Amino acid sequence: MIGRLGRSLGVHLLLASQRLDESRLRGLDTHLSYRIGLRTFSAMESRAVLGVADAYELPSAPGNGYLKFDTTGMTRFKAAYVSGAFQPDTRRVTEDGQPAAREIVEYGPRYIPLPVVEKPAAKVPAEAEEKGPQPSLLDIVVSRLQGRGPAAHHIWLPPLGKPPTLADLLPRLSVTPELGLSTPDWNGRGRLHAVIGIIDRPFDQRRDSYWLNLSGSAGHVGIAGGTQSGKSTVLRTLISSMALTHTPP
């Protein structure tokens, strides 16, 4: 029942097994969005997973498989195991007969090989190698990619901290002989609009200035709140914003 109703509840199942028993699926096969089949022991097992016998005809080398994501066809791929400990290439040996480490070449932004400075490798006792944790192939790849390329896009903006001042929210303020401290270069002067804060729009990934439109039938403001909730601050901010954007009487 979870497999049939899971997508509507936000639950997704990943079924993995060395051999597939069709009698245990009980109608779940129609709810599977994709299928992955490695080399099987018989053509019947390949048909049970992919619908065709192609997985049985794969070479015996590890990692060969097929990905079936729709009814139009399949995609063949070659997988690799990267979670195990990094193993040096035993086919190469150093001058003293020790196995040489597998060569890892660093590349720049334009895939130009960087100069490699050869350093003599310090010999580590066998006991220390057994006790210390060995990095995996994935750890080595991630360490080489760290700090390269553009930074990931942040889904959420940083938390709201100290409230901004009116000088941060209003257009450029300047002092004039006629208006005093005001916004003389702003083309919105004279309109019954006042900014009192910022409004957070998390689904749009942005924050906008919160303007009140006090013109026409919307020219009334009601402020409600408990003790020490900021009612007086809102009133002072509204009065100051109107004073800085309009000509004094």
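The values are calculated or read from the model by the stated rules, or taken from the named source; none is laboratory data. Source: prediction; values computed, not measured. For neighbour counting, all protein chains shown are included, and Cβ atoms are generated from backbone atoms with ideal geometry for every residue, glycine included.
A few comments on the model shown:
Conditions (1) at pLDDT 80 or above; (2) in contact with a strand residue (DSSP E or B) (Cβ under 7 Å, 6 or more places away or on another chain), marked per residue:
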| position | (1), (2) |
| --- | --- |
| ARG24 | no, no |
| GLY27 | no, no |
| ARG39 | yes, yes |
| GLU45 | yes, no |
| LEU50 | yes, yes |
| ALA80 | yes, no |
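- Selection status of THR72, in a loop (DSSP other than H, G, I, E, B), modelled with pLDDT under 80 and not aliphatic (A, V, I, L, M): yes
- Any hit, region 179-202, residues being of a type in the set (Val, Ile, Thr), part of a strand (DSSP E or B), farther than 30 Å from ALA80 by Cβ and in contact with an Asp or Glu (Cβ under 9 Å, 6 or more places away or on another chain): yes
- All of (1) part of a loop (DSSP other than H, G, I, E, B); (2) of a type in the set (A, V, I, L, M, F, W, C); (3) surrounded by 14 or more Cβ atoms within 10 Å (Cβ to Cβ) hold for ALA16 with one exception: (3).
- Some residue of region 99-113 being at pLDDT 60 or above, on the phi > 0 side of the Ramachandran plot and not basic (Lys, Arg): no
- Residue match in region 175-192 (condition: aromatic (Phe, Trp, Tyr), more than 19 Å from SER240 (Cα to Cα) and either free of Cβ contacts under 8 Å to residues at least 24 places away in the same chain or surrounded by 10 or more Cβ atoms within 10 Å (Cβ to Cβ) (or both)): no
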